[in-house]
Structure formats: C-alpha cells, structure tokens
Amino acid sequence: MNFFFEVTLNLLSGFGVTLLIFAATLVFALPLGLVLSFGSMSSFKPLKAVVKVFVWIIRGTPLMLQILVVYYGPALIFGWGFLERVVAVIVAFVINYACYFSEIYRGGIQSISKGQYEAGQVLGMTRSQIFFRVVLLQVIKRIVPPMSNEIITLVKDTSLARIIVVEEILKVAYDYTIKGTIWPLFYTAVYYLIFVGILTLLFGYIEKKLNYFRV
Amino acid sequence: MAFLEIENYTKRFGNTEVLKGISFTLEKGEVLAIIGSSGGGKTTLLRCLNFLEMPDTGVLRLNGETLFDAEQDRRASDADIREKRLHFGLVFQQFNLFPQYTVLRNITLAQTLLAKADYRAKCAECRAQLRAAPKDKRAALRAEQKRVLAQIRDGQKQRIEENALRLLERVGLTEKKNAYPFELSGGQQQRVAIARALALSPDILCFDEPTSALDPELTGEVLKVIKGLKSSDSTMIVVTHEMEFAKNVADHVIFMADGVIEEEGTPAEVFENPKSEKTAAFLRKSTEDLFD
Ligand SMILES: Nc1ncnc2c1ncn2[C@@H]1O[C@H](COP(=O)(O)OP(=O)(O)O)[C@@H](O)[C@H]1O
Ligand SMILES: [Mg+2]
C-alpha cells in the first residue's frame, strides 16, 4: 500500500510537468496560430509563401524530431548553450501546435461567406467591428470540434518530452519499469483518461453553448 | 436637378469591362427597376453604388453634391468610404443576416455601433472641456457631464430599439423579434434584412434580386414589403427578374445588357413599346419562361 501511494504521488508530480507543457503550449500556440493563419491568408505573396512553407515543414516532420532539433540544434550549429530541457520541449510544442492551429483557424475563417463581411460593410461597420462582432463567434463555432480534437491529441503528445529526459508522467513510470515494476506504466492511463475526460466535458459544454445559432 | 445622378460609371475586372459607361438619374421617392439577363453587370452596378467595388471612372452626385468622383476618390480612406456608404443601403439576394444575433439585434447592431462611436467622441469632448475648466469648477462640471452623458446613452439605446421595433412592425415580423435567423423562412429572413437596411435610414435603398433565392410561394410577401416602402417615400433601386413587379411598382425601368443601358423609360415605354431589339428579345424570352 505504501508503495502504491508513493507511485501515485510520483506519477502525480510527473503529471504536473505534463500539465505544464500542455498549458504553456496552449497559452502561446493559440495566439501564435492566429498570427500564422493571417500570414497564410495574406495578400502579400512573399509572406504567404514563407508561412506556407514553414507550416509544411512543421506539419511534415515528426514532433519528436522537432524537439531534438530545438534542444540540440542551437548548441550543435551555433555553439550556444542548451536551453532548459522543459523550455526546449515547450518551444518545440508551441511551434508545432501553432502550425496545426493556424490551419484550423484558416479553415474556419475561410468558411465564413463573403456575404457576412459585405453585410457588415454596407452597414457602415469598420474592419475590426466586422471581425469581432460578426465573424469571430461564427469562426469559433466552426473550429470548436477540430480544436478539441487537436487539444486532446496534445495531452498525449506531451509524452514525447521524455526523448530529452523531461520528467513528465510517462518518463516517471518508465523509470519504474526499468527497475522491474511494470504496472505504474499502465497506471498512467488513469491520469490521462481523467484529464481527457474533463476536457471532453468542457468542449461538449462549449459546443452546446454555441448551439443556439446555426451558421 | 435629380436626387441621384450617376455619370459615366465604368468598371473592369482584369480584361473584362463589366460596366461600360453607365449614366442615369433618379428622383427622390422614385423606384427604379433594373432588368436584364444575367452577366449584364446589374450586381456590379449596385456594388459600385454601395462602394463594395470602386468604379474606375465616373461621378456620383446626391442631392446636388458630389459624393464620389473616381478621379479623386479612387484612394479614399476606409473611414471616408464608410461615411459615403451610409447614404446607401443594400439588400442581398442571400439575405446575409448575422446568424448569432436575434432578429432585433440584427437590426440594431450597426446603429448601436455608430451610436457608441458618437458617444465616445462626446466623452472625449467632455474631457477636453474639463481640462480647460478652472480647477475649482471641475467637480461640478464633472457631475453635470456625467448626468448628460448617461442621459445621451440611455436615450440612444431606447431610440435605437424603438426604431427597430417600428421597422419590424412595418415588415410584419414583430412577433419574431427574439427569433434567430435559422428559425425563420427565407421570406421572413429577407424581410428582416430589409428592416436591417432601413434602420440606418439610407437615402437610397438598393435590392439585388431580393426574391431570387426564395421559393416561389415566398416571393409575394417580400415584394409586398418593398411595395409598401414605396408609399412611404423611400427611394429605391431594385434589380429584379420579377417583370410584373417592375411593371407595377417601378416609376422608371432600365434594361441593362453587356455593361450598358440598352434602354430606359417608364414601365409602359419599356414593356409595351421597347425600342431596342435586344430589349424586345429579352422581354419575349422572360414571358416564355413564365409559361414553361
Ligand atoms: N469580382 C469579379 N471579378 C471578375 N469578374 C467579375 C467580378 N464580379 C463580376 N464579374 C463579371 O462581371 C460580369 C457581370 O456580372 P454581374 O454584375 O454579376 O452581372 P448580373 O448581376 O447582371 O448578372 C460577369 O461576367 C461576371 O463574371
Ligand atoms: Mg446579379
């Protein structure tokens, strides 16, 4: 019983690191994704091209590789010092997820009919009024389902952080396995499932809240 | 001097010249119907009147004043164009109501935003006054300003809402004021769109085929509303395929083909006695379609 309690607590502190990566990624990648999506829709061709190529590279290579590049790259290429491990992981996650989010935003924004913008225009609204008062909520409604998918994937992707020895929950459990106890590894599923369960309820609630209108 | 004068409007997209020199006039309170087969440039003309597109050349005079002159206004600022736009309203073929707002909010939104901008300007004025006032008078002045500003704000809100309710009554949808667009039929949505356009009291209200997206049994209610507006002295430009409507409601008819005004006149002149062979062919074809 004592050992079980100890494992539970250790996994919990590992899950704290998992949550840190998760939360930091969301906080930075959600706005950065919006910036990238505007870039990818820009009428300024060079900017659009640069953003598109960047998104292609990030979405076309494994996240695990990107973590390694962010962590070892600066030291190997420029001879700089190493980032704090968890910081390197967060940087890689933010870049990766911002790219995925940007594509979701872009899809959402482009799915709004031109007529909505024009209706706002002929009613004398400014560009920002049209974006915030007319378009934004419709975009949010459209992107909640794909976003919730992506965000739930993010919860599980955090386990990639162990590639550079960040002590997230799966790394903590794996260390027990090396010492000959395998069940803590399976026990981690409980943590993931509870957290994903909460997120699922939350997204379901948001979807329901936005159900009062149809786009 | 006519209420609205359009002089030599042209517009090209790339290599296609869509408007090839459109000139016409319209008197206050008149209804102008624009007919013509599709691709003739009717929508483009309305979009140019509402500055959704900028004409390449041409002059627009309203009430004797030059509102738009392509020579100078090609590069007009967003704010300038917004102000010019407010003289015109546009009702779209596809309604384009805002789905996340109730019927009432759809109608009040734009006016509320304009009122807010007004109110903010007033606040700035008040602050300047306050700074200029002698120190010992400031407290009293501030209290007075607060009272006046609150009055303005409440007054605006009430005025805007009353106006919207009056318009809803006019389009016969008072009982739908709290409904969302998806809960309405196409005809009802279009009537809300008309009320929304009227809320800003445009000098001229434009309609781009307001009934073309509707089931045939719903066109009547929308046309009736438009006809009702005529008796209240609204100046309107209606692009339509409803020949009967054009005949009965319009004071003036323009037949557009290939970017030019092929023929214009009173409904009697255009429909009974078309001078141009193209007009005659178009009218024959649209009556044939009716009996298909
Ligand atoms: N934004 C645009 N870009 C390029 N061509 C356009 C654009 N808008 C309209 N056109 C062209 O202009 C012509 C006239 O279109 P339109 O004004 O919609 O005519 P109508 O409303 O009489 O059917 C059509 O050939 C159409 O393809
Ligand atoms: Mg058209």
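The values are calculated or read from the model by the stated rules, or taken from the named source; none is laboratory data. Source: prediction; values computed, not measured. A quick note on method: Cβ atoms are made from the backbone with ideal geometry, for glycine too, and the neighbour counts reach across all protein chains shown. With ligands, DNA and RNA removed, areas are computed over all heavy atoms of the protein, side chains included. Shrake-Rupley method; radii C 1.70, N 1.55, O 1.52, S 1.80 Å.
3J(HN,Hα) along segment B:54-60, derived from phi through the Karplus expression 6.51 cos²θ - 1.76 cosθ + 1.60 where θ = phi - 60°, amounts to 9, x, 6, 9, x, 10, 10 Hz, with x in place of Gly and Pro. How much of the DSSP beta bridge set in the protein assembly as shown is antiparallel, as a percent to the nearest 5? Restricted to the protein assembly as shown, the bridges split so that about 55 percent are antiparallel. If R0 is taken as 41 Å, the Cβ-Cβ distance between B:VAL260 and A:TYR212 corresponds to a FRET efficiency of 0.30. Taking all protein chains as they are arranged and a probe of 1.4 Å, the heavy atoms of A:THR126 leave approximately 40 Å² accessible to solvent.
Each label was represented as a point 7 Å from its Cα along the Cα-to-Cβ direction; for A:GLU84 and B:THR174 these points are 6.6 nm apart.
The string of couplings for segment B:132-140 from the Karplus curve (6.51, -1.76, 1.60, θ = phi - 60°) is 6, 6, x, 3, 6, 8, 4, 4, 5 Hz, one whole number per residue in order, with x for Gly and Pro.
Extension gain, B:SER185 to B:ALA281, is 31.1 nm, computed as 0.36 nm per intervening residue step minus the present C-alpha separation.
The helix-based estimate of mean residue ellipticity at 222 nm for chain B, built from -39,500 (n - 2.57) per DSSP H run of four or more residues and divided by its residue count, is -15000 deg cm²/dmol to the nearest 500.
FRET efficiency for the B:ALA213 to B:LYS146 pair, using the beta carbon distance and R₀ = 51 Å, is estimated at 0.55. Each DSSP beta bridge with both residues in chain B is either parallel or antiparallel, and the antiparallel ones are about 55%.
Working from Cα positions, state the angle (0 to 90°, nearest 10) between the long axis of helix B:216-231 and the longest principal axis of chain B. The angle comes out near 60 degrees. Evaluated at q = 0.15, 0.17 Å⁻¹, the base-10 log of the normalised Debye intensity for segment B:79-199, with identical point scatterers placed on the Cα atoms, takes the values -0.75, -0.86. Take each complete run of DSSP H in chain A, measure how far its Cα atoms stretch along the helix's own axis, and keep only those covering 15 Å or more with mean Kyte-Doolittle hydropathy at least 1.0; list them. Helices meeting the criterion: A:2-40, A:63-78, A:85-110, A:183-209.
Ranking of B:ARG170, B:ARG191 by solvent-accessible surface, largest first: B:ARG170, B:ARG191 (1.4 Å probe, protein heavy atoms only, all chains present).
Per-residue surface analysis assigns A:PHE186 an accessible area of about 140 Å², computed on protein heavy atoms at 1.4 Å probe radius.
The relative contact order of chain B, computed from alpha carbon pairs under 8 Å that lie at least 6 residues apart in sequence, is 28 percent. Rg and Dmax, both from the Cα atoms of chain A and both in Å, are 20.8, 71.
Let a ≥ b ≥ c be the square roots of the eigenvalues of the Cα gyration tensor of segment B:1-67; is it rounded (a/c under 1.5), or, if not, prolate (a/b larger than b/c) or oblate? Oblate, because a/c is 1.5 or more while a/b does not exceed b/c. Using equal-weight Cα scatterers in the Debye expression, the normalised intensity of the protein assembly as shown in log10 at q = 0.08 Å⁻¹ is -0.72. Solvent-accessible area assigned to carbon and sulfur over the protein assembly as shown amounts to 57 percent, based on a 1.4 Å probe. Computed with a 1.4 Å probe over protein heavy atoms only, the accessible area of A:ILE67 comes to about 0 Å². Here the gap between A:THR181 and A:ILE194, fully extended at 0.36 nm per residue and compared with their Cα-Cα distance, gives a gain of 2.4 nm. Each residue of segment B:206-211 was assigned a 3J(HN,Hα) from its phi angle through the Karplus expression (A = 6.51, B = -1.76, C = 1.60, θ = phi - 60°), giving 9, 10, 9, 6, x, 10 Hz with x at Gly and Pro. For chain B, find the longest principal axis of its Cα atoms and tell me its angle to the long axis of helix B:186-198, 0 to 90°, nearest 10. Roughly 60 degrees between the two axes.
Computed over protein heavy atoms with a 1.4 angstrom probe, the accessible surface ordering of B:SER37, A:SER40, B:SER286, largest first, is B:SER37, B:SER286, A:SER40.
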